[in-house]
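Comments concern the structure below.
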Amino acid sequence: MAEIAIVADAEAAGELAAQQIARVVASRPDAVLGLATGSTPLSTWAALKGRGLDLTGVRGFALDEYVGLPDGHPESYRAVITREVVEPLGLTPSLVHVPGDDGGPLDGAGERYEAAIAAVGGVDLQILGIGRTGHIGFNEPGSSLTSRTRIKTLTEQTRADNARFFDSPDQVPRHCLTQGLGTILDARQLVLLAFGEGKAAAVAAAVEGPLSASMPGSVIQLHPRVLVIVDEAAGSQLRHADYYRFAWDNRLPFEV
Ligand code: PGA
């Protein structure tokens, strides 16, 4: 089962996630990190910056990218990852990849991204947020549980949720390239973070609900090594919250 940590706030969650990343990088300075965008991972990047680690050897692969934004658009995930992760944390730009950024045609971009991840030996640790639709990456409801990197159509809910980053809601692209659920499952460790009441239903369904393509986040139940870190609000619909707290408080030194 996943380890579930219910913590006070996003800052505490970021510290815990950064600790996981630091452990991976300590054992392997050229570790491969799966990078998420959106608001959720910001406290993780802040905590990681606070640790002052040398991350120049780390390779990075973003989960997803919009399709259809002009090159250099500030809300493209290439730009977001550069601004929020690569520059502040001192990663080496040429070692960080975003789906579709290899200069090749859109057709086949998913397969090429999969090949690039495979060429470095796979992702060691994947950071994940979860959308209110239950998506991880941009795998919206109905995504095959074994899907690979490919083009997807965003739900109207996701477009509305992401409209805050754009001048107007119709500027949010309709399509994206996203790692598939099968791609995500191949990472050696998953760390999923969620904050706020708006994520509570998705978190409960992902952690405790039936495994279903209708709730893409539920695919984490198939992974042998998952740490779910939520604040009290995002964890408020977890049926077994008391047990998760008990298990977390009593975890053995070699766990997590
Ligand atoms: P958020 O998005 O971090 O901006 O809430 C998460 C997601 O949509 O996966």
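When ASP101 is tested against (1) free of Cβ contacts under 8 Å to residues at least 40 places away in the same chain; (2) more than 16 Å from the ligand (Cβ to nearest atom); (3) open to solvent by less than 50 Å² (accessible area, probe 1.4 Å), exactly one condition is not met: (3). In segment 141-158, the residues that are without any contact (Cβ under 8 Å) to a residue 24 or more places away in the chain form Cβ pairs under 6 Å with partners that are open to solvent by less than 60 Å² (accessible area, probe 1.4 Å) and of a type outside the set (A, V, I, L, M, F, W, C), at six or more places apart or across chains, as follows: THR155/THR133; THR155/GLU140. For the subset of segment 6-19 comprising residues that are over 17 Å from LEU125 (Cα atoms) and not β-branched (Val, Ile, Thr), which member is surrounded by the most Cβ atoms within 10 Å (Cβ to Cβ)? Here the answer is ALA10. Those residues that are open to solvent by 10 Å² or more (accessible area, probe 1.4 Å) and touching a helix residue (DSSP H, G or I) at 6+ places or on another chain (Cβ under 7 Å), I need them from segment 190-199; list them, please. Once the filter is applied, which keeps residues that are open to solvent by 10 Å² or more (accessible area, probe 1.4 Å) and touching a helix residue (DSSP H, G or I) at 6+ places or on another chain (Cβ under 7 Å), segment 190-199 yields only PHE195. Residues that are among the β-branched types (Val, Ile, Thr) and surrounded by 24 or more Cβ atoms within 10 Å (Cβ to Cβ) were ranked within segment 128-179; the one that is farthest from the ligand (Cβ to nearest atom) is THR149.
Within segment 62-73, not a single residue is out of contact with any His (no Cβ under 9 Å at 6 or more places or on another chain), more than 29 Å from PHE166 (Cβ to Cβ) and open to solvent by less than 20 Å² (accessible area, probe 1.4 Å). Among the residues of segment 28-61, just one is within 30 Å of GLY108 (Cα to Cα), open to solvent by 30 Å² or more (accessible area, probe 1.4 Å) and either within 11 Å of the ligand (Cβ to nearest atom) or of a type in the set (A, V, I, L, M) (or both), namely SER39. In segment 200-209 there is at least one residue that is within 15 Å of the ligand (Cβ to nearest atom), open to solvent by 40 Å² or more (accessible area, probe 1.4 Å) and at pLDDT 95 or above.
The values are calculated or read from the model by the stated rules, or taken from the named source; none is laboratory data. Note that this is a predicted model, so its numbers are computed, not measured. Cβ atoms come from the backbone with ideal geometry, glycine included; neighbour counts cover every protein chain shown. These area figures cover heavy atoms from the full protein model, side chains too; ligands, DNA and RNA do not enter into them. Shrake-Rupley method; radii C 1.70, N 1.55, O 1.52, S 1.80 Å.
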